[in-house]
Structure formats: structure tokens, C-alpha cells
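First the structure, in the form of C-alpha cells, and then the observations on it.
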Amino acid sequence: MILRPIDRRRELEALLKPPSGPGVYVDFAISLALKHAWRVNRSTDAGPAHASWRADYWVHTMYVHPLDSDEAFAAYLHEAGHLEDPLLPERPRSHEQPSDSMASIEAEVFAWLFAITCAGYRWNRAMQATLEKSLATYVSFVDTFEEGGYHQRCLLNAVINHGREQARHIVRTLGTPAPPISPLLAEFYQQVSLT
Ligand SMILES: [Zn+2]
């Protein structure tokens, strides 16, 4: 069944609006989902704000909870980043990493860079804390003595620092550039498409 846009919007509202309170950037999240044709489903896993969120690239679907906090909004944009990753199927995976299906440092770096870029001025310290908490596992898993390990560690640090810089909320009026992109992230950044 094809849903009319108005029905799609209502369906997304039902999924993303928290039971009480206005939620965090719910309208923005809905307009992004409509624009990019993301399929959004309720995660059936209980659990803390970001732990049970996931994305299934092959069916362009993410499994989420209501956007009741900055953390939840950051997790939403992060999962969307996996759906919008043009290179996800080719990103290297390491058996050294946690055994979930997204255990690719490159994929994580891309998805967080997408989240930061997509959030723009909305990116704040609570969203950044979500990023850092999520990447902490990967940071601790990277073996810098392994081939490529040092580069992966640098990539993780680069996206963490980029998010911190964005969260500092230095007033940037129209026409002034966003925080500078580290040369390490440049290739990833070119793959981010918000249109
Ligand atoms: Zn991820």
C-alpha cells in the first residue's frame, strides 16, 4: 500500500513524538525522513536512549525510539547516516571489533559525520556526548599496532574532535564556514549528501 504524504507524516509523528512533551527536533526529523525516503520503524528492543537503535541498510529502514532527548535525536541522525552511506557495503570490517553487524569503524565514522553535518547548528554537547559514548567501544578496540589500526584511531579522533568543535556553538552567520574538516575526514565528508 502506498501511503499519501499526509499519511506518511502522521505515521512518522506517531513514531517519533514522545508520549508527553514536544520532543526534540521532531518536525525536522520527519522532514528529513520524508525527503530521503527513510523507512522508520519502532525498535522493539527496550533499553537506553541509543543502545537499541539500529539501521538496516538493505531495506533503507531504521529502528528507533521517540525523540525525547538530544541523545535520541543524535542517535536518529546517526542511524540515518548508515542508510545514507554510499559505501557502506564496501567498508572494511574487522573481526577484532564488537560482534554487531555494523562493526566497521569507517561506517561508524561516516554515520557520525553525517549526523554532525545534518544537525548543523543544532549539534550540541549532549549530542556530542552520545557520539563519544558510542565511539568509546571502538576507540578501546582499535589495536594501533595492527595494520591500519593507527589510521583508524586517527579517524575516530578526527570525527570526535569535529563534533566537539561543532558543539562549541561558535556563532557562525550565513556565509561563514562550518568548522574546518580534518584532511583525514575529507573523503568521508565528500560522501555526505544532504540533498
Ligand atoms: Zn552505527
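Pairs under 8 Å by beta carbon, first residue free of Cβ contacts under 8 Å to residues at least 40 places away in the same chain and more than 15 Å from Asp68 (Cβ to Cβ) in region 25-42, partner β-branched (Val, Ile, Thr) and part of a helix (DSSP H, G or I), six or more apart or different chains?
Arg39/Val59
Looking at Pro18, Pro5, Pro89, which is the one that is surrounded by fewer than 19 Cβ atoms within 10 Å (Cβ to Cβ) and within 29 Å of Gln190 (Cβ to Cβ)?
Values: Pro18 fails: within 29 Å of Gln190 (Cβ to Cβ); Pro5 fails: within 29 Å of Gln190 (Cβ to Cβ).
Checking each option against the conditions leaves just Pro89.
Let's see how each residue does on (1) surrounded by 15 or more Cβ atoms within 10 Å (Cβ to Cβ); (2) modelled with pLDDT under 95:
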site: Ser31; (1), (2): no, no
site: Tyr57; (1), (2): yes, yes
site: His65; (1), (2): yes, yes
site: Glu96; (1), (2): no, yes
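Scan the helices (runs of 4 or more DSSP H) fully inside region 116-195 and keep the ones with 3 or more residues being among the hydrophobic types (A, V, I, L, M, F, W, C) and at pLDDT 90 or above.
Values: elements: 125-141, 149-167, 186-191.
So the answer is 125-141, 149-167.
The values are calculated or read from the model by the stated rules, or taken from the named source; none is laboratory data. From a predicted model like this one, the values you see are computed outputs, not experimental measurements. Glycine also receives a Cβ, built like all others from the backbone with ideal geometry; neighbour counts cover every protein chain displayed.
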